[in-house]
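For reference, the structure discussed in these notes is given below.
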Ligand SMILES: Nc1ncnc2c1ncn2[C@@H]1O[C@H](COP(=O)(O)OP(=O)(O)OP(=O)(O)O)[C@@H](O)[C@H]1O
Ligand SMILES: [Mg+2]
């Protein structure tokens, strides 16, 4: 056992939509300052799992622990309150607004002038500029720049920076790099590492194993709503992960239908399905 209490832990979480079982006893854990990659084919249950973590869906059964305490995440507001921030590829920022306006969207700073409450643009600008500089987004010329002018990678970085500024402790990034160039992808992933270095955990959902493998501390492969395998950094090779994504546990080399450990606390950091499962037959 690692001895550290995970920031977030799911224990045997299940979710059905009508007769369709979208998630089946999913257990996983993520520690502060770590990145977990959640991979799986279309329909594997990734978005459903994320929606449970950000309070959009309620699980039918199972538990969610935050810093070791069982919690009920009944709404997105409750999730945000805990510091769980979800950044979606497309919905992250509003194109027609400036960087500073986007940064404070929904949390605008106001000042009172002659009895009127006006936007305090000066402070919002200054804080945006300062914060983006501290997180290393230095290429921006001005917080007044309209977001439509930015590259996809810069937008992602700003959306992540905003979540960090407002106290995110767990960033959930749904396909953060799907529309990005190789260079932009690298800068977003560097940015996630930067967040990790500040103790912020991240869950990356991706279809592209090769992109997430270099940055993920742990890879959780979902298959038909179940955790088919959990790989730690350096244990995984892309070909095996891909096999598991396509075929579930049958895709594991030397698979003997060994059960995936149900309790994250049993796994600690040794998260391969079972001793021996990774050996070649
Ligand atoms: N609100 C819903 N009502 C009914 N079925 C749903 C609902 N949300 C998801 N599903 C079903 O649950 C399954 C898992 O969907 P989910 O969106 O979690 O998959 P995913 O892994 O995110 O896939 P993708 O890679 O395509 O985004 C799918 O078969 C989907 O049709
Ligand atoms: Mg999805």
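Bear in mind that the values in this text are calculations on the coordinates, not laboratory data. This structure is a prediction, so every number in the text was calculated from the model and none was measured. Note that we place each Cβ from the backbone using ideal geometry, even for glycine, and neighbour counts take in every protein chain shown.
Computed values, structure above
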| read-out | value |
| --- | --- |
| Span per principal axis, largest first, for the Cα atoms of the chain (Å) | 74, 38, 38 |
| For 110, 46, order by how many other beta-carbon atoms lie within 10 Å, fewest first | 110, 46 |
| Between helix 182-197 and the chain: long-axis angle, C-alpha atoms, 0 to 90°, nearest 10 | 90 degrees |
| Segment residue 72-residue 197, length gained on full extension (0.36 nm per residue, minus Cα span) | 42.2 nm |
| 4 °C / 1.567 mPa s Stokes-Einstein diffusion coefficient of the stretch 2-137, Kirkwood radius on C-alpha pairs, µm²/s | 73 µm²/s |
| Per-residue [θ]222 nm for the chain (sum of -39500 (n - 2.57) over DSSP H runs n ≥ 4, rounded to 500) | -8500 deg cm²/dmol |
| Order of 64, 84 under a 10 Å beta carbon neighbour criterion, fewest first | 64, 84 |
| Between 0 and 90°, nearest 10: helix 238-247 axis offset from the chain longest Cα axis | 70 degrees |
| Beta bridge orientation in the chain: antiparallel %, DSSP, nearest 5 | 55 percent |
| The chain: most fluctuating residue of 218, 186, 111 per GNM, C-alpha cutoff 10 Å | 111 |
| Most mobile listed residue (150, 23, 116) in the chain, GNM with C-alpha springs under 10 Å | 116 |
| For the stretch 1-52 versus the stretch 150-199, the gap between their alpha-carbon centres in whole angstrom | 21 Å |
| Cα gyration tensor, the stretch 159-229 - rounded (a/c under 1.5), prolate or oblate | oblate |
| Choice from 87, 113, 182 showing the highest fluctuation, given a GNM over the chain with Cα pairs closer than 10 Å | 113 |
| Between helix 152-165 and the chain: long-axis angle, C-alpha atoms, 0 to 90°, nearest 10 | 90 degrees |
| Base-10 log of normalised Debye intensity for the stretch 108-189 (one unit scatterer per alpha-carbon) at q = 0.19 Å⁻¹ | -0.91 |
| Separation in nanometres of the label points that stand 7 Å from Cα toward Cβ, at residue 114 and residue 95 | 3.7 nm |
